[in-house]
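Asks: Can you keep this structure in mind? I'll have questions shortly.
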Amino acid sequence: MAMVGGGPGSFIGPVHRMAAELDARIELVAGAFSRDAGRSAAAAAAWGVRGYDDWREMLAAEGARPDGAEMVCVVTPNDLHLEVSAAALGAGFHVMSDKPATRDLAEARTLADAVARSGRLYGLTHTYTGYPMVREARDIVARGDLGAVRKVVVEYSQGWLSAPVDNKQAAWRGDPGRAGVGGCLGDIGTHAFNLAEFVSGRRVDRLCADVATVVPGRALDDDANVLLRFQGGARGVLISSQISAGARNGLRISVYGERGGVSWSHERAAELTLDWLDRPSQVLHAGSGYLGGAAQAAARLPAGHPEGFIEAFANLYRDFAEAILAGRADAAPTPGIEEGVRGMAFVETAVRASGAGWVELSGDDACVR
């Protein structure tokens, strides 16, 4: 694997590296880790890999080596996602990208075309789909244990942008030229949207959004409340906020059916709660033998031993490696370009139609009605 971005000062770059290498299926061998050549060289030296001053140079050199990288991990700000991913795919590399897929829906469609032309695999790190109990929740809903799905509630609340923040991470996330059309929605709202569709097994087809910039001086949203309508008739609520003072990484989801509901929280990631209409509640634990195959395959340790963010990330990389070896994108459940396009359709539709009532959501243009 070769990496673009993720050098000194990056939070997510080292996470990708550790996760990719956790199962010994993937090895980081090269990288263009920073726009600054000195910082890129320092990261390469620290990690003991081949370093490059420029990602274009890296693609050419790694593609020419008999022992060169076979896939590229993209962990840059959003403005480079399309350019780097499309170039890597065109050069014959598989691509794993940090989310969101691109800055906007038009770029996501362009990237989807590039994936289709390349014949290579593309993965998107919607990390939370890698948690064992999220996969168990998905299976419970899919089996029909809850009955027909009626309501989905998903919340992703943080408080780190409750006041003006002056650092590298806040700077690019608040810059429309680098982040794209969505601020909070693009950063964490896409995770909430993806999780709602992943666990419920249903697509959102309409939404009604209230998107706001609460802290004065910001160019992009920092808070959003969105009503959802799913195919099949289920209703939903999505909260995405980075100005909820005191909230840390408050991601949680509940799916309610005719007979009961299933709930998962990132802060108690090893547990899954089932609340039934007419019988006692249940708490299921990761690593337990009574879980389904997807949850058991995603757990590395026995029940009671905590696993977390790195392991969930690693599940996506392990799945992606298996898909590459099988030569089929559907060989493993890693989110791909379809989820990338839908995520950008959600962000763009919510931002554009905020306050305009109910709008249709699809991979194509949304229309107010």
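Asks: Can you give me the Rg/Rh ratio for segment 251-369, using Cα atoms for both radii and the Kirkwood formula for Rh?
Replies: So for segment 251-369, dividing Rg by the Kirkwood Rh gives 1.06.
Asks: I want to check the label-to-label distance for Trp172 and His285. Put each point 7 Å from Cα in the C-beta direction and report it in nm to one decimal.
Replies: Placing both labels 7 Å beyond Cα along the Cβ direction yields 4.1 nm.
Asks: Would you mind getting the Kirkwood hydrodynamic radius of segment 182-321 from its Cα pairs, rounded to one decimal in Å?
Replies: After inverting the mean inverse Cα-Cα distance, the result is 17.1 Å.
Asks: On to the next question. Could you give the nm distance between label points at Val165 and Glu57, where each point is 7 Å from its Cα heading toward the beta carbon?
Replies: 3.3
Asks: Show me 246-256, 159-169 ranked by packing, highest mean number of other Cβ atoms within 10 Å first. List each step's numbers first, then the result.
Replies: Numbers: 246-256: 18.4, 159-169: 13.5.
So the order, starting with the most tightly packed, is 246-256, 159-169.
Asks: Nearest 10 degrees, 0 to 90: what angle lies between the long axis of helix 105-118 and the longest principal axis of the chain (Cα atoms)?
Replies: 60
Asks: Provide the gained length on full extension for the span Ala326 to Arg300, in nm with one decimal, where the gain is 0.36 nm per separating residue minus the Cα-Cα distance.
Replies: 7.1 nm
Asks: Please report the antiparallel percentage of DSSP beta bridges with both residues in the chain, rounded to the nearest 5.
Replies: The antiparallel fraction comes to roughly 65 percent.
Asks: If you don't mind, there's one more thing I want to ask. More than 12 angstrom separation, counting every C-alpha pair in segment 242-301; what % is that? Display every interim value, and only then the final one.
Replies: Values: 1269 of 1770 pairs.
Value for segment 242-301: 72 percent of Cα pairs lie more than 12 Å apart.
Asks: Let me ask something else about it. For segment 178-259, what D do you get in µm² per second when you plug the Kirkwood radius from alpha-carbon pairs into Stokes-Einstein at 20 °C and 1.002 mPa s? It would help to have the intermediate numbers written out before the result.
Replies: On the way: Rh = 13.6 Å.
D, rounded to a whole number, is 157 µm²/s.
Asks: Helix 12-21 sits at what angle to the longest principal axis of the chain, using alpha carbons and giving 0 to 90 degrees rounded to 10?
Replies: The angle comes out at about 90 degrees.
Asks: Any idea what angle helix 37-47 forms with the longest principal axis of the chain, computed on alpha-carbon atoms, 0 to 90 degrees, nearest 10?
Replies: For 37-47 against the chain, the angle is about 70 degrees.
Asks: Considering the chain as a Gaussian network with a 10 Å cut-off on Cα pairs, which listed residue, Val283, Val29, Val359, attains the greatest mean-square fluctuation?
Replies: Val283
Asks: If only Cα atoms are counted, what is the Rg of segment 2-127, and what is its Dmax, in Å?
Replies: That works out to 13.4, 38 Å for Rg and Dmax.
Asks: Still on this model: How large is the Rg to Rh ratio of the chain when both quantities use alpha carbon positions and Rh follows Kirkwood?
Replies: 0.96
Asks: Okay, moving on. If you stretched the chain out fully between Asp278 and Ala41, how much longer would it get, using 0.36 nm times the residue separation minus the C-alpha to C-alpha distance?
Replies: Values: separation 237, 0.36 × 237 = 85.32 nm, distance 6.15 nm.
Length difference between fully extended and current span is 79.2 nm.
Every number here is computed from the coordinates shown, using simple stated rules; none is lab data. Owing to the predicted nature of the structure, the values given are computational and were not obtained by experimental measurement. Neighbour counts are summed over all protein chains in view; Cβ atoms, including those assigned to glycine, are modelled from backbone coordinates with ideal geometry.
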